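Asker: My structure is below; once you've seen it, I'll send some questions.
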Amino acid sequence: MNAMTRLTAGITALAVAGGAAAAAQGMHIRINPKVHVVVPHIHITSAMRGGNRPGPDSAAVSGFLTAMGRADPIVCEMAVDQLGNSWGSWGGGATAGLRDRTEADRTQRNLFTGSVSDSRAVPLLAATLGDQNPCVRRAAARLLGSSTAADALPRLRSAAASDDPRTREAALLGLGEADDAPSYDVMLRGLRDRDQYVSRMGAWALGQLQDHRAVPPLIEALRGGDAGVRQTSAWALGNIQDGRAVEPLLPVLKDASAEVRATVAHSLGEIQDARATSALVNTLGDADVDVRRAVAHSLGEIQDHAAVEGLVRALRDSDAQVRSASAHALGEIQDRAAVDGLVRALKDTDADVRQAAAHSLGEIQDARATTGLVGALTDADVDVRQAAAHSLGEIQDHAAVDGLVRALKDADADVRQAAAHSLGEIQDARAADPLAGVLSDADADVRQAAAHSLGELEIHKAPAGLVAALHDNDADVRQAVAHTLGEIADPATVPALSGAFKDTDTDVRRAVIHALSEIEGGGATDALVAAMKDNDPEVRREAARALGQKD
């Protein structure tokens, strides 16, 4: 079995591993299969063109196209999604390979993380733009679009004038992914093509190019008879982000196609122009749930206070995702008129809605939310509890201290850490002893947050637990403790800080020097003089600098 055949046999695993990553980079807009509209997926950037990595030669390209032609259509589509994307690599490297994978397999696979530079491969790829298999056509278009061969883009431009509409469509895909500005006129002709699929791809390519010259023709395309062309044109206008598109897009919020309406709503959010607010708020009542979700998200992007009343009403939508998006949008707008509605949403049946409401209340920073957020500290969902703890720190209401102190004993470490951090933000001395007690927490991040927050409380006597934490087994915790002891500046801690000069971590010793420089009396100066004999030259320099400041 040769290497290319083995590559074919292994392509399923590669595709499945990378499929989710590819999907995450696409638009979150529902597409009706009957419309068959083209939407962006993975855009090839200069970094993804392979840099100095050698790409596949003509033989490897031929073998790959043949393999894709024989593959299951779903496997083929997933594999082609990963071209130029390191095959969806998540960093596992060679250690993630199973025992049967050979070095030859990996070498062949890695060829396709680079760009095609072999000019002999270009005619083959150009000829494949008209292949009967749509996935193979797409592979050829993407490889040509990312190619560094001198004749790749001219071939794509020439193919865009082919008599075969499938070839024109594939060529425009390649030009769009190439982000080729000199091909603007070719893309524009594609938008105006008599074939609806070519026209859609032309609109997509113009959106990828983000050339503001394309705005008027794309606006004109919004009036076309094909829903796919209208949808892709609407997406392109959002990607270009030109304010001239706002007024023409507004009537299309009433398009007969829900997919078109959702895309228009998305694009208006991308443009972020308050002229769209009123129409979007009215569309929060759309019969289609995906449209309502897109509208709520976009209103958060626009951040117009005129949307608050409509978004508060949407907190009662029948769909949880609409409610969650509305809660998030209200946090983006940061209008206090939303507080009561968001506090009610803390009791929503859906955890994601409750979490979004808790987060947004922290963004608004209104003390009227304190009671509701303290109640949310006992929510059954850990993410809600963490969001509530964080937001209470943003609001900085002393009435939250008791609830946050109780949250220091939460079963989840992230909640405890958020509670400890927020107690430092509130700066209430009542939290000193509870925070000192948390310095024995099993989680190092919690201990570090507690140590930091103790330094925010403006207390003048260091708790015994804080001093003892200079011996914590985590260097970051010890460093935070030393820093906080400097903030407290308690002369009684000088002996303990002096002993910390024996710490094996340089950053800890430097933090100790900083702490001693902040303390008056208690032998702090003598301790700094002793630090001048440290083995680390950086520590010695820091000690000298601290002594200079004391003088």
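The values are calculated or read from the model by the stated rules, or taken from the named source; none is laboratory data. In this text, all values refer to a predicted model and were calculated from it rather than measured experimentally. Cβ atoms come from the backbone with ideal geometry, glycine included; neighbour counts cover every protein chain shown.
Conditions tested, residue by residue: (1) touching a residue at least 60 places away in the same chain (Cβ under 8 Å); (2) closer than 29 Å to residue 166 by Cα; (3) crowded, with 24+ Cβ neighbours inside 10 Å.
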residue: 227; (1), (2), (3): yes, yes, no
residue: 251; (1), (2), (3): no, no, no
residue: 270; (1), (2), (3): no, no, no
residue: 273; (1), (2), (3): no, no, no
residue: 281; (1), (2), (3): no, no, no
residue: 286; (1), (2), (3): no, no, no
residue: 292; (1), (2), (3): no, no, yes
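Asker: I'm trying to understand the selection: among the residues of the stretch 140-199, which are surrounded by fewer than 23 Cβ atoms within 10 Å (Cβ to Cβ), of a type outside the set (S, T, N, Q) and within 15 Å of residue 125 (Cβ to Cβ)?
Answerer: Those that are surrounded by fewer than 23 Cβ atoms within 10 Å (Cβ to Cβ), of a type outside the set (S, T, N, Q) and within 15 Å of residue 125 (Cβ to Cβ): 149, 150, 151, 153, 154, 155, 157, 166.
Asker: To continue, here is another question. Can you tell me which residues in the stretch 109-122 are surrounded by 18 or more Cβ atoms within 10 Å (Cβ to Cβ) and assigned to a helix (DSSP H, G or I)? Step through it out loud before you land on a result.
Answerer: Filtering the stretch 109-122 down to residues surrounded by 18 or more Cβ atoms within 10 Å (Cβ to Cβ) leaves 109, 111-118, 121-122.
If the condition is that a residue be surrounded by 18 or more Cβ atoms within 10 Å (Cβ to Cβ) and assigned to a helix (DSSP H, G or I), then 109, 111, 121, 122 are the ones that fit.
Asker: So, one more: For the stretch 381-392, indicate whether the set of residues that are over 20 Å from residue 434 (Cβ atoms), over 22 Å from the mean Cα position of the chain (by Cα) and assigned by TED's automatic domain parsing to the domain that holds residue 433 is non-empty.
Answerer: The initial filter retains those residues of the stretch 381-392 that are over 20 Å from residue 434 (Cβ atoms), namely 381-384, 387.
Imposing the further condition that a residue be over 22 Å from the mean Cα position of the chain (by Cα) reduces the set to 381.
Right, trim to assigned by TED's automatic domain parsing to the domain that holds residue 433 and you get 381.
Looking for residues that are over 20 Å from residue 434 (Cβ atoms), over 22 Å from the mean Cα position of the chain (by Cα) and assigned by TED's automatic domain parsing to the domain that holds residue 433, one finds at least one in the stretch 381-392, hence yes.
Listed here are the residues, each with its yes/no results for (1) over 23 Å from residue 454 (Cβ atoms); (2) surrounded by fewer than 21 Cβ atoms within 10 Å (Cβ to Cβ); (3) in contact with a Leu (Cβ under 8 Å, 6 or more places away or on another chain).
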{"position": "495", "(1), (2), (3)": "no, yes, no"}
{"position": "507", "(1), (2), (3)": "no, yes, no"}
{"position": "520", "(1), (2), (3)": "no, yes, no"}
{"position": "524", "(1), (2), (3)": "no, no, yes"}
{"position": "538", "(1), (2), (3)": "yes, yes, no"}
{"position": "547", "(1), (2), (3)": "yes, yes, yes"}
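Asker: Considering the stretch 322-349 alone, what residues qualify as being among the polar types (S, T, N, Q), over 18 Å from residue 380 (Cβ atoms) and either touching a strand residue (DSSP E or B) at 6+ places or on another chain (Cβ under 6 Å) or not in a helix (DSSP H, G or I) (or both)?
Answerer: Correct list: 334 only.
Asker: Here is a list of conditions, (1) closer than 26 Å to residue 440 by Cα; (2) part of a loop (DSSP other than H, G, I, E, B), and residue 383 meets all of them except one; can you say which number that is?
Answerer: (2)
Asker: Going through the stretch 66-79 one residue at a time, which ones are surrounded by 23 or more Cβ atoms within 10 Å (Cβ to Cβ) and either of a type in the set (D, E, K, R) or within 17 Å of residue 124 (Cα to Cα) (or both)?
Answerer: 68
Asker: Go through (1) surrounded by fewer than 17 Cβ atoms within 10 Å (Cβ to Cβ); (2) at pLDDT 95 or above; (3) assigned to a loop (DSSP other than H, G, I, E, B) one by one and return the number of the condition residue 99 breaks.
Answerer: Here residue 99 clears every test but (2).
Asker: Further, regarding this structure: Looking only at residues in the stretch 517-537 that are under 25 Å from residue 456 (Cβ atoms), assigned to a helix (DSSP H, G or I) and out of contact with any Lys or Arg (no Cβ under 9 Å at 6 or more places or on another chain), which one is modelled with the highest pLDDT?
Answerer: 518
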